[in-house]
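Taking it in order: structure first as C-alpha cells, then the write-up.
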C-alpha cells in the first residue's frame, strides 16, 4: 500500500522564514532537529538538538508530536519515530513529516520499512542529482509499505528494538574493555 493512503506527508519548516533577528522584539525558543540529531538506526540523541529562536509562535504542524515519523530527505534517508519525551521539537525543511491517519499501521513498523535496504536503494536511485542528493516528498508519498497484521508489525518492531538494545550494550562493552586495556597498559608502563 502506498504510504500516502495511510498518512499525511509534508516537509518541515523553512527556517529562514521564521528565524528571529536582533531587531525582533518578542521571540520564542525551541529545540531544533538537525541532521546529526539521530543515528542511522533511527535513534534520537537529545544532546545533539540545536536551539532555534523564532520571531513568532510556530504552527503545530512544524513541531514534533508523539508517533510522528520523521525522515531525512538527504542521504542517508533515515526515518525515526518521535517518542513522548521528544514532543515540540522544530522540524526543518530537510526532513519530511509522516503522520499516520490509519491505526492499522504501527509508526515504528513504517519507519523500519523506510529504513530497509530495499527502500534505501529505491531512494538512492530516485534522488535528485545535485551536489547533495535529495528525495522529493512527492516521491516519498508513493513508497509502498508491505501490509502486515498489526500484531505481526508489533513483533517485528519488538525484534528490532531488541537488536538495537544489543548493539548499544555491545558498544558499551567495547568502550569499557578499551578503557580497561588502556588502564592496564598505563599501569604496566609506569611500573619500574
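Summary of computed values
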item: Rounded tilt (10° steps) of 117-126 against the dominant C-alpha axis of the chain; result: 50 degrees
item: Most fluctuating residue given options 78, 11, 27, as computed from a GNM of the chain linking Cα atoms under 10 Å; result: 27
item: For the chain, built as a Gaussian network whose Cα springs stay under 10 Å, the top-fluctuating residue of 72, 41, 99; result: 41
item: Estimated [θ] at 222 nm from DSSP helical runs (n ≥ 4, -39500 (n - 2.57)) normalised by residues in the chain, nearest 500; result: -11000 deg cm²/dmol
item: The chain: most fluctuating residue of 147, 66, 21 per GNM, C-alpha cutoff 10 Å; result: 21
item: (1) 17.2, 59; (2) 20.2, 72; (3) 16.2, 69, with the label sought being that of the calculated Rg and Dmax of the Cα atoms in Å; result: (2)
item: Overall Cα dimensions of segment 1-115 - principal axes, largest extent first, Å; result: 49, 25, 25
item: Whole-Å semi-axes of segment 148-192's equivalent ellipsoid (Cα gyration tensor); result: 44, 4, 4
item: Residue 164-residue 136 FRET efficiency (beta carbon distance; Förster radius 30 Å; 0.05 resolution); result: 0.55
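Only the coordinates and a few stated rules stand behind these numbers; no lab work does. Given the structure is predicted, the values throughout are model-derived calculations rather than measurements. With ideal geometry, Cβ positions are generated from the backbone for all residues, glycine too; neighbour counts draw on all protein chains shown.
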